[in-house]
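The values are calculated or read from the model by the stated rules, or taken from the named source; none is laboratory data. Keep in mind the model is a prediction, meaning the values are calculated, not measured. In this analysis, Cβ positions are derived from the backbone assuming ideal geometry, glycine residues included, and neighbour counts consider all displayed protein chains. Protein only, heavy atoms only, side chains kept; ligands, DNA and RNA dropped before computing areas. Shrake-Rupley method; radii C 1.70, N 1.55, O 1.52, S 1.80 Å.
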Amino acid sequence: MSWLATGRWPAPCPICRQWTRGGLCSPCLQRFAAPQSRCTGCGLALAADALTAARAQAPRCGRCIEDPPPVTGTLAALDYGFPWDGLIGAMKFGGRPEMAGLLVKPLLEAIQQDQQHSAKAVELLLPVPLFEKRAQQRGYNQSWELARRLGKALDRPAHADWLLRWRATETQSLLADPAARRANLRGVFLLSTAGSRLLAGKRVALVDDVMTTGATAFEAARTLQQAGAAQVWLWVLARTPTAAPKD
Ligand SMILES: [Zn+2]
Ligand SMILES: [Zn+2]
């Protein structure tokens with residue numbers, strides 16, 4: 001594991017290059033990872049004035065109230081943008097899975113401060129799987145790199161081989177229509193023998209690095225629910241902000 005990512009020795013913060021001991025320095029975390037009120041369905045940031053005291057524990061945007069996603073709750077730590085896009089890109093495409101050691105920190109912090117108390121509910125963690133061929137090419141699944149570290153920090157088991165993905169969905173980003181995206185994803189995920197034997201009744205956290213439309217993660221969540229999971233939480237490091245109307 002790279003000394004840069006462990007945070008045990010002084011090293012330049014990968015964002016501001018100031019020397020620090022914690023991987024990402026505290027001023028950068030305060031500046032770029034400040035907690036935000038987010039929809040507990042889709043993870044999008046909500047306008048602060050949209051929150052009332054009664055709804056503050058598990059606020060949902062208008063779209064998620066109208067069409068609830070198949071999750072118990074979603075938690076997103078960050079907006080996908082500067083500087084996280086570069087760091088996540090290095091973890092994902094730069095052949096640097098050890099970057100997960102550094103990127104897991106803001107996600108862990110958000111989970112520990114989650115108003116929905118999802119960390120208490122969750123019994124086990126599963127990464128959103130990559131298509132096998134893609135995982136083999138890359139040599140690792142970045143969501144697993146996050147999930148296993150979260151599991152260790154939260155003292156919960158994480159399983160890389162319960163939820164599987166059996167085909168790629170290359171065309172997903174070309175489909176603008178949500179119904180077409182959903183149809184394209186149908187049947188993409190399946191459970192391994194261990195997964196289908198042990199999942200029933202469990203409260204699960206599904207871990208992903210980036211959530212764009214949510215279609216892929218929601219399809220994975222649907223698969224887990226259909227297999228009998230009692231709760232499916234979605235924990236994502238970074239959510240793509242969209243121009244969706246804020247409620
Ligand atoms: Zn910094
Ligand atoms: Zn929402």
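Worth a mention:
- Taking residues in segment 12-30 that are over 19 Å from residue 88 (Cβ atoms) and open to solvent by 90 Å² or more (accessible area, probe 1.4 Å), and partners anywhere that are more than 7 Å from ligand 1 (Cβ to nearest atom) and charged (D, E, K, R), the pairs with Cβ atoms closer than 8 Å and at least 6 places apart or on different chains are 21/8.
- Scanning segment 24-49 for residues that are under 20 Å from the mean Cα position of the chain (by Cα), within 16 Å of ligand 2 (Cβ to nearest atom) and assigned to a loop (DSSP other than H, G, I, E, B) returns 36, 37, 39, 40, 41, 42, 43, 44, 46.
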